[in-house]
Amino acid sequence: MEEKDFYSHLIENIRRIMNDRMLKQATIAEYIGTTPSQTSKILNGSIQMSIRQLSKLAHGLSMSEIEIISYPDILIKKSDSEPEPVEAILQIRLTQDKKDQVLKLVFGENNIEILNK
């Protein structure tokens, strides 16, 4: 099987987006800022889309350029994702009276009975 070049992959993704969103070439042409016939030539590979046109298309589709390039996969920046919760386990040896004091401090007066059962 022949590996596709970047541009072919990009055009295939644009076609998928058009299909998934049920968009017409005229709509894509409007987003890109070209005529429908120019858009047709872009989509059939006769001429290449510029980076500026890709940016305009991304803006029109409310997507980022990387979302169009990686479509349908979703790539998330590390900073945008939720941080993983940190779990810390602390073990301290205490005498019984100190243990009770610490548990009261952490859980309050009412919960001490539950913990001692």
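Between residue 88 and residue 59, what is the FRET efficiency for a Förster distance of 41 Å, r being their Cβ-Cβ separation, to the nearest 0.05?
On the way: r = 44 Å, r/R0 = 1.07.
So, using R0 = 41 Å, E works out to roughly 0.40.
Would you mind computing Rg(Cα) / (2.2 N^0.38 Å) for segment 6-70, counting N as its residues?
The reported ratio for this selection is 0.96.
On full extension of the chain, what length is gained from residue 20 through residue 7, given 0.36 nm per residue of separation minus the C-alpha to C-alpha distance?
On the way: separation 13, 0.36 × 13 = 4.68 nm, distance 1.98 nm.
In short, 2.7 nm is gained.
Can you compute the modelled spin-label distance between residue 44 and residue 27, with each label point 7 Å from Cα toward Cβ, in nm?
2.2 nm
Values quoted throughout were computed directly from the atomic coordinates according to the rules given, and no laboratory measurement underlies them. The structure presented is a predicted model; accordingly, all values stated were derived computationally and were not measured. Cβ sites come from the backbone with ideal geometry, for glycine too, and all protein chains shown count toward neighbours.
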